[in-house]
Amino acid sequence: MKKYFSFFRLRLVTGLQYRTAALTGVITQFFWGFMNIMVFHAFYKADPSAYPMTMEATAAYVWLQQAFLSFFGAWIEGEILYTISSGDLAYELCRPIHIYDMWFARSVASRLSKAILRCVPILVVAVFLPRGYGLGLPVSFPAFLCFLVSLTMGLLVMVALNMLVYGSCLYTISADGMRVLFASLSDFLAGQVIPLPFFPEKVQRILELNPWASMGNVPFRIYGGDLAGSEMLQAMVLQALWLVILAAAGRLLFAGGEKRTVIQGG
Amino acid sequence: MITMENVCKSYRIAKRNAGLAEAFRALFQKEYEEIHALKNISFTIRDGEMVGYIGPNGAGKSSTIKILSGILTPDSGQVTVDGRRLWNSHGGQPLRKHDRCSRIEHVRQIGVVFGQRSQLWWDVPVIDSFELLKDIYSISDSLYHNNLEELTELLNLGELLKTPTRQLSLGQRMRCEIAASLLHSPKILFLDEPTIGLDAVSKLAVRDFIKQLNQKHGTTVILTTHDMQDIEALASRIILIGKGQILMDGTLEDIRQGGENMDETLAELYRSYEI
């Protein structure tokens, strides 16, 4: 276990070095968050009764989404793909470690390091914005705890899904196809473009079952009180279920991939 | 001790002629050519030997190293390293799992340097990569500090350890790479072109170090290279491979017979074997 933690730590430390990237990220996400909230306000003013969430919950959703963008962003770790396509994988295979676990730890750390640098300024400012525009306090303390648990599970589900993309790359060499497919599907299905409650009800019911809905969708809505009670529990169980299924599938994929991998070139 | 018996490996390579029409045709019908990278390779290497594994480009050197280091699966044949059975056995039938040494168990005991790749983390100081390796191999504190001290002195690492990898010159980086592969005191060291691209001073430093390592710790060293001076300085035994077959297994003297200039002698030898 310690070796995987070391991986986690080193990747985290590496990620914390990139300060300029973090600063520009924060600025972009502020603007994006404001723009989003303005658009949602326009909808809200047009017809408050047809609006599927409260304005406070929507604002909380948007700011949390911006603060934790790196948790649920649809990107694929370029570093890891490069390791595969360049053949540096040879060195990784020469280590007494499980590739799946190592990359899992590494991906979690990389997303976490980005979030650590970016989330604090965004959250602090968002808390001081006026009601309906900013990030209010969580609806209750238990809800806040559920938010934390669900946020963690969401991150793990995202990484487990990423791992499937890396795993497929062990078979195809170039991951560009998978990458584009993943990125375009992911943002939409995960409610990163618009929150899932804004979809028509029938579509929403189907979308909520897919693994992407088990990422940011659950914790962000718990925080604002949009998801509570038995509905919330169901959503969290589904998160855990997806995590188990995706991780098992990923391990299988890697077990096969490691055997047939050929490191090309001299 | 390392033994390879009748190891074969072939690759499938997609081929087509130049041109748009050909590329379009290849969309529907791909033609593959089977390349036999290794054909019935067999040899035995005793503990503490320093073996130079040479041959022209594409002869199968790297494939052999990759199979021995557990990262490439051969098509058939038996491979045993220090009593650990890697890969499959008789008649291409896979060994049952508990008869076979797993990749993880095997790689714990060996060190590998691929001259053309890097194992150090690019953006952080070298010492961070070393600390990570310490945890990966579960190296005890005392062993780690002893090894680090020794390697730092012999390879003259000193200040380099605090420098991010990306800011090292190739020669500096290679010294760090070699140190990284030896932190866990492996009994066997595979070096795949360790002196590629290095200047004279760095080459000499690397050679001296490998020689000392072998003499002091009895580490078995298997070295592939195109640099005949590496071989002259290091290898007591030479295995020549070409077109996937072992053509010669002998000493430096066996190759030297032709004359004093090693490169010319070797080129002559390659020509005589038509490789």
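The values are calculated or read from the model by the stated rules, or taken from the named source; none is laboratory data. Keep in mind that this is a model prediction, so the values were computed, not measured. Cβ atoms come from the backbone with ideal geometry, glycine included; neighbour counts cover every protein chain shown.
Here are some notes:
- Test for B:Asp82: is it modelled with pLDDT of 85 or more and either in contact with an Asp or Glu (Cβ under 6 Å, 6 or more places away or on another chain) or not assigned by TED's automatic domain parsing to the domain that holds B:Gln229 (or both): no
- A:Pro130 being within 14 Å of chain B (Cβ to nearest Cβ), not charged (D, E, K, R) and not in a helix (DSSP H, G or I): no
- Within the option set A:Met158, A:Met232, A:Met153, A:Met178, being at pLDDT below 90, buried (at least 16 other Cβ atoms within 10 Å of the Cβ), part of a helix (DSSP H, G or I) and within 20 Å of the chain's Cα centre (by Cα) holds for one residue only, A:Met178.
- Remark: A:Phe5 falls outside the filter, which requires a residue to be modelled with pLDDT of 90 or more and either outside any helix (DSSP H, G or I) or in contact with a helix residue (DSSP H, G or I) (Cβ under 9 Å, 6 or more places away or on another chain) (or both).
- If you filter the stretch A:41-98 down to residues that are among the aromatic types (Phe, Trp, Tyr) and at pLDDT below 85, you find that the one that is farthest from A:Leu151 (Cα to Cα) is A:Tyr82.
- Failed item, numbered, when B:Ile238 is tested on (1) without any contact (Cβ under 8 Å) to a residue 60 or more places away in the chain; (2) of a type in the set (A, V, I, L, M, F, W, C); (3) more than 27 Å from B:Ile136 (Cβ to Cβ): (1)
- Meets criteria (closer than 30 Å to B:Glu268 by Cα, in a helix (DSSP H, G or I) and touching a Ser or Thr at 6+ places or on another chain (Cβ under 7 Å)) for B:Ile35: no
- Of all residues in the stretch A:77-121 being among the small types (Gly, Ala, Ser), within 12 Å of chain B (Cβ to nearest Cβ) and closer than 20 Å to A:Tyr171 by Cα, the one that is surrounded by the fewest Cβ atoms within 10 Å (Cβ to Cβ): A:Ser86
- Selection status of B:Phe130, more than 8 Å from every other protein chain (Cβ to nearest Cβ) and within 12 Å of B:Ser181 (Cβ to Cβ): yes
- Restricted to the stretch B:108-117, and to residues there that are surrounded by fewer than 20 Cβ atoms within 10 Å (Cβ to Cβ) and at the interface with another protein chain (Cβ under 7 Å from one of its Cβ atoms), the residue that is modelled with the highest pLDDT is B:Arg108.
- Residue that is modelled with the lowest pLDDT, among those in the stretch B:94-107 that are buried (at least 18 other Cβ atoms within 10 Å of the Cβ) and within 10 Å of chain A (Cβ to nearest Cβ): B:Arg103
- Among the numbered conditions (1) in a loop (DSSP other than H, G, I, E, B); (2) of a type outside the set (Asp, Glu); (3) out of contact with any helix residue (DSSP H, G or I) (no Cβ under 7 Å at 6 or more places or on another chain), the only one that A:Ile76 does not meet is (3).
- Any hit, the stretch B:148-170, residues being in contact with a strand residue (DSSP E or B) (Cβ under 8 Å, 6 or more places away or on another chain), among the polar types (S, T, N, Q) and not in a helix (DSSP H, G or I): yes
- Residue in the stretch B:43-62 that is within 14 Å of chain A (Cβ to nearest Cβ), assigned to a strand (DSSP E or B) and in contact (Cβ under 8 Å) with a residue 12 or more places away in the chain present: yes
- Residue match in the stretch B:145-152 (condition: out of contact with any Ser or Thr (no Cβ under 9 Å at 6 or more places or on another chain), more than 20 Å from A:Tyr4 (Cα to Cα), acidic (Asp, Glu) and not assigned by TED's automatic domain parsing to the domain that holds B:Lys203): yes
Per-residue answers, yes or no, for (1) within 30 Å of A:Leu137 (Cα to Cα); (2) modelled with pLDDT of 85 or more; (3) in a loop (DSSP other than H, G, I, E, B); (4) within 14 Å of chain B (Cβ to nearest Cβ):
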residue: A:Ser184; (1), (2), (3), (4): no, no, no, no
residue: A:Gln204; (1), (2), (3), (4): yes, yes, no, no
residue: A:Tyr223; (1), (2), (3), (4): yes, yes, no, no
residue: A:Leu227; (1), (2), (3), (4): yes, yes, yes, no
residue: A:Leu238; (1), (2), (3), (4): yes, yes, no, no
residue: A:Ala249; (1), (2), (3), (4): no, yes, no, no
residue: A:Leu253; (1), (2), (3), (4): no, yes, no, no
residue: A:Gly266; (1), (2), (3), (4): no, no, yes, yes
